[in-house]
Every structure is written in C-alpha cells, then in structure tokens.
Amino acid sequence: MGRLSGKVAIITGGAGEIGKVTAEKFLSEDSKVVLIDLSAELLEKAKADLAPYGEVLTIEADVTKEADVANYVNRVMEKCGQIDVFFNNAGIEGKVAPLVEQSVEDFDKVLAVNVRGVFLGLKYVLPVMMKQGSGSVINTSSVAGLHGSPNLSPYITSKHAVVGLTKAAAVEAAKAKVRVNSIHPSPVDTRMMRSIETGFSADHAEFIQEEFTKAIPLGRYAESADVASLVLFLASDESSFITGVQYRVDGGMGSR
Ligand SMILES: NC(=O)c1ccc[n+]([C@@H]2O[C@H](COP(=O)([O-])OP(=O)(O)OC[C@H]3O[C@@H](n4cnc5c(N)ncnc54)[C@H](O)[C@@H]3O)[C@@H](O)[C@H]2O)c1
C-alpha cells in the first residue's frame, strides 16, 4: 500500500520539471494523478515520460483563465469523483532585470500566472475539498517568497503573495479539515534556473550558477526529487496536523 493509496492528485505545471518528478513520486505511492499544463504537446510528452510509473490523466488549461480552471476541476470530478491533493505549482520566472527596467506588462504577466493562477486554483478546488471534509493543498512559492534579491522583482513579489494566499486559505479551510501549506525551494537544477542564470549574464551563466551555489550551505542546487519528497510528505496523511506553514527545501540557505 502506497503513501497516497486511494487519493486523486492534481498537479498544475505538471509537464514542467518539478511537476513531472512529483507526478512520478505520487504514481509510485499509488495516487491517481492529473496533470494540468498549457499545451497538449507538453502534456503528451510528460505522459509518455511517466508511462513507466503509471497512467496519468492530462488536461490542457491556462491557470490564469477562470473558465479553464473551472473546467479542469469539473473534468476531474466527472472522471475521478474526488480531489484529495492539489499541487498548485505552475509558475514562470519572468524577466531578469532591475525593478526600474521591468515593464508593467512583464510585471502583470508574472503576477497573472504566479498569483492569479494560484488564487483561481484555490477558488475552485477548495469548495470540493471542503465539501469532502478532507484534502491537502501545496502551493509552490520559493525562497524568493521569503527574501529579496536583485533582478527578479515581479517573481519575488508573486512568490511573497503565495505566502499570503496560503495563510488566508489555511485559516478558512481548517474548519473543513482541509490543509494548505506552501513550499519554498532554493534554486533547483532545472530549465528555470538555466533561464535565470542566462538572464543574469548570458556570457557567464556558469559563473552565476557557482555564485548562487555558494549561498547554499549544502553546496548544491536542489534536485526536483528533493522538492517532490517534501510535496509527498505534505500531500500524505503523515502531515495531517500541519497547515498554514511555509516549508523551506533550501539546503540551509535560509539559515545564513
Ligand atoms: N526551478 C527552480 O529553481 C525553482 C525554485 C523555486 C521555486 N520554483 C517554482 O516551482 C514551480 C515549478 O517550476 P519548474 O522549475 O518545474 O519550472 P518549469 O518551467 O519546468 O515548469 C513550470 C510549468 O508551468 C507551466 N505553466 C506556465 N504558465 C502556465 C499557465 N499559465 N497555465 C498552466 N501552466 C503553466 C509551464 O508550461 C511549465 O510546464 C514554479 O512555480 C517555480 O516558480 C522553481
């Protein structure tokens, strides 16, 4: 019997690197898994990569669009009849530039995905979970949701907002025994970090990676699996008395 036996889990940004590795872990723990992402093409590739671990349901949706979010929640209910775990994880990094060089459009684009997307997910999934009287939501923030740093102001703003949404939702949902927590990874060895490193310095991306790594006491970036292990714990009943908490998975970065 797996740690998520009998559960139905939705993962947004499910075709992305952290989403897919988390799906792999969830499938290995006997969960049913639904991946949400922007395009059928991305989702088909993720489905094929995950085939050795089990079958996933995939639904194309833009998390910034209310009708898409309502639709994916309805479709999961039609197909599976329950939602036990919601990994509210889709996110974008935005442009790497000083605050004064960020355009209003760049700012709004990041907030649309990272804040409105997280809000809409909560707005449509929580009523299902609250009616069930059970469920666990894990919102993906970042160490950038707990600290400032240069050149990523829209991203940092958006990830701090995820903390506010998590706390507000946790307090409201607790009466229905639904839990809401946020996770705060340090840099993870993924496409997103390659994009950020190049954004800092296209010519010296490796040097930037070394500099970022120096800030992490355990001396390396996180792997997607490090993040997925934490998500699995928060998704499972092992964390049944934990809600409204901000969990770092940061190799000690926050202790400096
Ligand atoms: N990679 C890191 O270093 C790192 C560190 C801390 C936090 N995070 C956060 O972890 C989450 C996942 O990041 P990742 O590294 O897997 O990135 P990724 O780019 O590999 O995956 C993100 C996924 O979200 C999807 N997505 C983007 N906009 C969407 C939208 N409007 N609707 C639906 N799906 C959308 C993308 O298509 C992509 O598949 C993000 O929220 C990110 O901010 C990442």
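FYI, it's all coordinate maths here, none of it is from the lab. In this text the structure is predicted, and so the values were computed from the model without any measurement. Don't worry about glycine lacking a Cβ; one is built from the backbone with ideal geometry, like all the others, and counts go over all protein chains shown.
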Completion exercise
Taking Rh as the Kirkwood radius computed over alpha-carbon pairs of the stretch 62-141 and applying Stokes-Einstein at 10 °C with viscosity 1.306 mPa s, one gets a diffusion coefficient in µm² s⁻¹ of 115
Exercise for the section: Calculate the spin-label point distance for Arg191 paired with Arg256, positioning each point 7 Å from the Cα along the beta-carbon direction, and give it in nanometres. Expected result: 2.8
Completion exercise
Length-normalised contact order of the chain, Cα under 8 Å, at least 6 apart, in percent, tallies to 19
Handout entry: Selected from Ala170, Ala40, Ala61 as most flexible by GNM, with the chain as the system and alpha-carbon contacts under 10 Å
Key = Ala40
Exercise for the section: Over the stretch 211-256, calculate the relative contact order: mean separation of alpha carbon pairs under 8 Å at least 6 apart, over the residue count, as a percent. Expected result: 55
Fill in the blank from the handout: In order over the stretch 38-50: 3J(HN,Hα) from phi, Karplus 6.51/-1.76/1.60, θ = phi - 60°, whole Hz, x for each Gly or Pro, gives 5, 10, 4, 5, 4, 5, 5, 5, 4, 4, 5, 4, 8
Fill in the blank from the handout: Mean-square fluctuation maximum in Gaussian network of the chain, Cα pairs under 10 Å, restricted to Val163, Val63, Val73, hits Val73
Fill in the blank from the handout: About its Cα centre, the stretch 112-256 carries a charge dipole, from +1 on Lys and Arg Cβ atoms and -1 on Asp and Glu Cβ atoms, whose size in debye to the nearest 20 is 760
Practice task
Would you mind computing Rg(Cα) / (2.2 N^0.38 Å) for the stretch 174-256, counting N as its residues?
Solution key: 1.33
Problem - Where the Cα pairs of the stretch 42-85 fall when distances are cut into 5 Å bins, in % - result: 5, 21, 22, 23, 23, 6, 1
Completion exercise
Karplus ³J(HN,Hα) for the stretch 86-95 (6.51 cos²θ - 1.76 cosθ + 1.60, θ = phi - 60°; Hz, whole; x = Gly/Pro) runs 10, 8, 8, 10, 4, x, 10, 8, x, 7
Exercise for the section: Using packing as a proxy for protection, rank 207-217, 3-13, 124-134 so that the peptide with the highest average count of other Cβ atoms within 10 Å comes first. Expected result: 3-13, 124-134, 207-217
Exercise for the section: Over the residues of the chain, compute the C-alpha Rg and express it relative to 2.2 N^0.38 Å. Expected result: 0.96
Fill in the blank from the handout: For Thr58, the residues 5 or more places away or on another chain with a placed amide H closer than 5 Å to its own amide H are Leu35
